[in-house]
Amino acid sequence: MESEIYVSLVIEEESVGPELLDLFKEIGATALWSKGQSRGESIATHQDNGCAFEAKPVISLSVEDVINDFWDYIKKKRELLKIIEKHGFAPVLSVAVYTDEIMPSIHFESYILKEFSQFNIGIDVDIILSE
């Protein structure tokens, strides 16, 4: 059975001010938040200002292909990558994989890890077994 895969690039930093949030919105951020704002319906709150660039969920057998396609999309946002480098941000590539039967294989080629490293991007992969 194929998995439903959600991918986003999240930037949440103390130094993200209103001007940068506005710029992120112009560049195409799909979510913006302020420090202390609720995280969805949870009682948890955001520790800092931030944003997310989210892809639409994809049904696929290959987590790697979905991540590669998303990264190709992000790389086209050169202004975003310049801001990340200039401010020394440490974004997180957040991946949520919903599956009901087979645990997907997760593999990263060395070239993409090098590219993530160049922009100080961490990776968080969650696999959620749905019933």
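Under the criterion of Cα pairs below 8 Å and six or more residues apart, the relative contact order for the chain equals 33 percent.
Over the C-alpha atoms of region 62-103, the Rg to Rh ratio, Rh being the Kirkwood estimate, stands at 1.12.
Could you estimate the translational diffusion coefficient of the chain from the Stokes-Einstein equation, with Rh from the Kirkwood formula over C-alpha pairs, at 37 °C and 0.692 mPa s, in whole µm²/s? Please list the in-between numbers first.
Working: Rh = 15.6 Å.
This corresponds to a translational diffusion coefficient of 211 µm²/s.
Between I128 and Q37, the modelled labels are 2.0 nm apart [label points 7 Å from Cα along Cα→Cβ]. Dividing the summed helix terms, -39500 (n - 2.57) for each DSSP H run of n ≥ 4, by the number of residues in the chain produces a 222 nm estimate of -9500 deg cm²/dmol to the nearest 500. Computed from backbone phi, the HN-Hα couplings of region 13-19 come to 9, 4, 7, 7, x, x, 5 Hz, rounded to whole numbers (Karplus: 6.51 cos²θ - 1.76 cosθ + 1.60, θ = phi - 60°; Gly and Pro given as x). The accessible-area ordering, largest first, of the residues L23, L113, L80 stands as L113, L23, L80, per a 1.4 angstrom probe.
Sparse packing (at most 11 other Cβ atoms within 10 Å of the Cβ) combined with a DSSP loop state is found for the following trypsin sites (Lys or Arg not before Pro) in region 41-131: K76. Assuming charge only on the beta carbon of Lys and Arg (+1) and of Asp and Glu (-1), the dipole of the chain about its Cα centre is about 600 debye to the nearest 20. Using equal-weight Cα scatterers in the Debye expression, the normalised intensity of region 76-131 in log10 at q = 0.15, 0.16, 0.20, 0.27 Å⁻¹ is -0.56, -0.62, -0.81, -1.09.
The values are calculated or read from the model by the stated rules, or taken from the named source; none is laboratory data. This one's a predicted model, so the numbers in the text were calculated from it and none came from an experiment. Glycine also receives a Cβ, built like all others from the backbone with ideal geometry; neighbour counts cover every protein chain displayed. Remember, those area values only see protein heavy atoms, side chains included, never the ligands or the DNA or RNA. Shrake-Rupley method; radii C 1.70, N 1.55, O 1.52, S 1.80 Å.
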